[in-house]
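The values are calculated or read from the model by the stated rules, or taken from the named source; none is laboratory data. Just so we're clear, the structure is a prediction, and the values are computed from it rather than from any experiment. Quick reminder, even Gly has a Cβ in these numbers, built from the backbone with ideal geometry, and neighbours come from all protein chains shown. We work out accessible area using only protein heavy atoms, side chains counted, and drop any ligands, DNA or RNA first. Shrake-Rupley method; radii C 1.70, N 1.55, O 1.52, S 1.80 Å.
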Amino acid sequence: MKLSATGLSDKGRVRPHNEDAMHWDDARGLLAVADGMGGHAAGEVASSLAIDTVKDLVDDAPRSGEETRELLRRVINVANQRIAEKIRSRPEFYGMGTTLVVGVVEGDRLVIAHVGDSRAYILRNGEIRQLTTDHSLVNELVKLGILSKEKAASDPRRNVVTRALGSGMTVAPDLIEEQLFPGDIVLLCSDGLNTMLGDDSIRQTLLGAGGDLERTCAELVDAANRAGGEDNVTVVVAQPVGAESPGGEGERGNPIEEDADADPAARRPGS
Ligand code: CA
């Protein structure tokens, strides 16, 4: 199954720099988003090293599922080592790190590896589902029942990640597999999207763009900025090629004619 993909990254309305990085490659069925952290532009260095590692290691050779999982584990660990080496060579980079969510499509299977709080979602049959589980302090607190999911979205500690690339210590990614169907839309994003927009807003924006991926990216970034744009926001979206468009007659297509709320202009506060 071939993919059509695109992405968009924006520094948002508050941050002086964009420390996110992204990559997509239709031919390789490859998608990736990294969200760097660390002062003095170090975050940009860390996220770029992670994305460069993805580009270096993921080629277009056919692979089995296990080979893909092994490749993605290797991507995570090589990126981690490269960032750690950079920190050793340049003390001003001490403390830098990055999240990484990377997806590879093999046949009709999407294999995702992730570390940190950048997310992957899938939209199918008009419903959105988060595929990844944040490696974040607030998510740990939610799992323990100490914090509600609703309060987690605005908790001041929401930027604290519990797993990231850059320590040089072995880091275990989560590996997730998902079968893809015609009409699915896959979204990878940095937390600048999902801390500004709830899952349902993201869902409505995906549906409202009617399967136009460029428009989908522009509207997601625009919606995050309208909601405050407090962080860099990066989105990479992908759809299986040759699939019927969302709203088509296929049972798995994503309906675009939802209701008035699906109209992007109708859900923006102040518009
Ligand atoms: Ca971020």
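Taking segment 93-190 as the region of interest, the strands (runs of 3 or more DSSP E) fully inside it that hold 2 or more residues being touching a strand residue (DSSP E or B) at 6+ places or on another chain (Cβ under 8 Å) and surrounded by 15 or more Cβ atoms within 10 Å (Cβ to Cβ) are 100-106, 109-115, 119-124, 174-179, 185-189. Tell me which residues, restricted to segment 214-233, are surrounded by 20 or more Cβ atoms within 10 Å (Cβ to Cβ) and in contact with a strand residue (DSSP E or B) (Cβ under 7 Å, 6 or more places away or on another chain). Those that are surrounded by 20 or more Cβ atoms within 10 Å (Cβ to Cβ) and in contact with a strand residue (DSSP E or B) (Cβ under 7 Å, 6 or more places away or on another chain): THR216, CYS217, LEU220, VAL221, ALA224, ASN232, VAL233. PRO246 meets the conditions (1) modelled with pLDDT of 50 or more; (2) more than 16 Å from the ligand (Cβ to nearest atom); (3) crowded, with 22+ Cβ neighbours inside 10 Å in every case but one. The failed one is (1). Tell me, yes or no, whether segment 184-205 has at least one residue that is acidic (Asp, Glu), modelled with pLDDT of 95 or more and within 16 Å of the ligand (Cβ to nearest atom). Yes - at least one qualifying residue is present in segment 184-205.
List every residue pair whose Cβ atoms lie under 7 Å apart, where the two residues are 6 or more positions apart in sequence or sit on different chains, the first residue falls within segment 222-234 and is more than 9 Å from the ligand (Cβ to nearest atom), and the second residue, located anywhere, is open to solvent by less than 10 Å² (accessible area, probe 1.4 Å) and not in a loop (DSSP other than H, G, I, E, B). Hits for this filter: ALA223/THR205; ALA224/GLY192; ALA224/LEU193; ALA224/VAL233. Of all the residues in segment 195-205, those that are open to solvent by 20 Å² or more (accessible area, probe 1.4 Å) and outside any loop (DSSP other than H, G, I, E, B) number 4. Taking the conditions exactly as written (more than 16 Å from the ligand (Cβ to nearest atom), in a loop (DSSP other than H, G, I, E, B) and open to solvent by less than 20 Å² (accessible area, probe 1.4 Å)), does GLY210 satisfy them or not? No.
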